[in-house]
């Protein structure tokens with residue numbers, strides 16, 4: 001069997017359910033044509049290098065799978081991706097022309113997917129922490145600016161009082 005990787009960009013507005021339906025459809029196509037799904041990497045929303053169909057962002061997905069040497073699953077998968085309206089672009093690349101031990105490759109792919117999910121969870125936690133720190137810094141800056149404005153108003157009031165005393 002040969003190992004393939006298909007990277008696709010879907011519309012950023014597509015719901016999680018819609019994206020999940022698309023992934024299940026692709027998994028079914030691969031399986032029905034004698035292929036074996038190895039891994040799915042949901043990269044997330046990214047800014048596109050250039051506008052595609054009036055979209056400036058896209059949701060990236062990468063599907064790794066095994067297929068027979070004739071590539072029936074690849075042909076059908078690409079045909080369906082061309083028809084699917086939510087898919088902006090896709091690219092299929094042959095990773096390995098000959099996978100000898102399919103079971104070992106499945107185990108390796110499962111381990112890679114587990115590591116990828118763990119890293120994604122860590123990244124999400126780190127981004128949430130950075131967001132909380134940024135919000136705290138903004139609140140502090142606003143309160144400091146508010147204190148500065150109040151002090152400035154007091155100085156202006158003192159100057160007005162001294163101007164009245166001089167007259």
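Is it true that residue 70 is surrounded by fewer than 18 Cβ atoms within 10 Å (Cβ to Cβ), on the phi < 0 side of the Ramachandran plot, without any contact (Cβ under 8 Å) to a residue 24 or more places away in the chain and over 15 Å from the mean Cα position of the chain (by Cα)?
Answer is yes for this residue.
Conditions first: (1) free of Cβ contacts under 8 Å to residues at least 60 places away in the same chain; (2) touching a helix residue (DSSP H, G or I) at 6+ places or on another chain (Cβ under 8 Å); (3) not in a loop (DSSP other than H, G, I, E, B). Residue 28 passes all but one, so which condition is the exception?
(2) is the only condition that residue 28 fails.
What number of residues within the stretch 73-111 are in a helix (DSSP H, G or I) and either under 18 Å from residue 60 (Cα atoms) or free of Cβ contacts under 8 Å to residues at least 40 places away in the same chain (or both)?
Within the stretch 73-111, residues that are in a helix (DSSP H, G or I) and either under 18 Å from residue 60 (Cα atoms) or free of Cβ contacts under 8 Å to residues at least 40 places away in the same chain (or both) number 13.
No value in this document is a laboratory result; all are computed from the given coordinates. These numbers were taken from a predicted model, which means no experiment stands behind them. Ideal geometry is used to build each Cβ from the backbone, glycine not excepted, and the neighbour counts take in all protein chains shown.
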